[in-house]
Amino acid sequence: MKTEALFIAGTATYLPPATKVEQAVADGRFDAQDAEDTQLESVCEATDEAPPEMAVAAARDALERSGHQAEDIALLLHACVYFQGLELYPTASYIHREVLGDHSALAFEVKNASNGCMTALDIAARSLAATDDEAALVTTADKVSRPAIDRWNSDIGIIPGDGASAMVLSKRSGFAQVLSTSTVSDPTLERLHRGDAPFTPHHDPTLPIDLRLRKLQYLGDVELDEFTRRFRAGLGDCVDRALRDADIGLGDVARFVVPHFGRTVLQREVLAALDIDLDRTTWSWGRTVGHLGAGDQIAGLDHLVRERAVDVGDLCMLLGVGAGFTWTCAVVRITELPQWPTAPAGSGLGGGRL
């Protein structure tokens, strides 16, 4: 979808302290061979912070940086993958009340696996284009905990990191202009994350969720090469659509904001598929925080801007992928490098705000 007069006005990230991978290996929590394969450096691990609280911290910063008032926000989308701290509870409404106050806005959760924030961005872009609404807020927050999730052993080539992110989309102005978004899906790949697991009345919290087993069950019936072919086809189609609507070529993109996968998975599923160099991506930072559930792309763009790793005029592509499978891409042009204050050490929910 080609977008008109749509901007990213503010972003923010909340990250708890990170654990060095070498320490996790020394503690016996992480396999040494897996550590070598992923090439991750560290992974963020929350303690007492609940996901909604982390989301609120990031959202307040993003709203303040955006120059918008709470009353300007007509749509709030909260994307998440894991348990949000309380069953049968509207997390998006909690974030709404804490960040925007009591004015009426449409607020709901987006559950689209690791493609959550990108799906939310695409939905918000379409909503703003179709209405007179001025601004939207996208938030993410995820935290994994035992026994349901064994962080270091629950998946193949991907290690979950805890944290939250937020983005304000505006039709008024911002530090980056959104030129296009695109979403592609291929439901023939949904069984990768289901395997042979049966549907049950409820999840037993004492049993760890084993994505490794599910994936191995699927790959026992489907060759990895066939999965990779379909994965790359979906990603390539999504990228081509976003480039075409933005009227640019892949070579015009200065930086790629990629999912925080381990090195082997990232190479096979993204870098090789698009023939892009590692140093044009956010890998060097993503490997220090882990896979932030639904929030890698907002956090990655926020990092590029805060660290001045982009220049005015640079084109960036945000690449999202989620189990199911869905892919979402967005092309943005940096229009300015904002001067955002840095939160003092110890602020937020334990000094994690960025």
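Annotations for the structure displayed:
- Between residue 212 and residue 186, the FRET efficiency from the beta-carbon distance, with R0 = 30 Å, is close to 0.85.
- Protein-only accessible surface order, largest first, of 173, 165 at 1.4 Å: 173, 165
- Accessible area of the chain belonging to carbon and sulfur atoms, whole % at 1.4 Å probe: 50 percent
- Extension gain, residue 278 back to residue 223 (0.36 nm per residue minus Cα-Cα distance, nm): 17.2 nm
- Mean accessible surface per residue for the stretch 1-77, computed with a 1.4 Å probe while every protein chain stays in place, in Å²: 42 Å²
- Relative contact order (percent, whole number), the chain, Cα cutoff 8 Å, 6+ residue spacing: 27 percent
- For residue 225, the shell of other residues with beta-carbons less than 13 Å away shows a net charge of +1, using +1 for Lys and Arg and -1 for Asp and Glu.
- Among [x] 19.0, 56; [y] 24.4, 80; [z] 23.9, 74, the entry derived from the coordinates for Rg and Dmax of the Cα atoms in Å: [x]
- For the stretch 117-249, the solvent-accessible area of protein heavy atoms averages 45 Å² per residue (probe radius 1.4 Å; ligands and nucleic acids excluded).
- Computed on the stretch 13-65, the Cα convex hull volume stands at 92 Å³ per residue.
- The chain, helix-only ellipticity at 222 nm - DSSP H runs n ≥ 4, -39,500 (n - 2.57), divided by all residues, nearest 500: -8500 deg cm²/dmol
- Gyration tensor verdict on the stretch 196-337 (Cα atoms; rounded if a/c is under 1.5, prolate if a/b is larger than b/c, oblate otherwise): prolate
The values are calculated or read from the model by the stated rules, or taken from the named source; none is laboratory data. This is a predicted model, so every value here is computed, not measured. Counting neighbours? That spans all protein chains shown, and the Cβs are built from the backbone with ideal geometry, glycine included. Quick note on the areas: whole protein, heavy atoms, side chains included, nothing else; ligands and nucleic acids left out. Shrake-Rupley method; radii C 1.70, N 1.55, O 1.52, S 1.80 Å.
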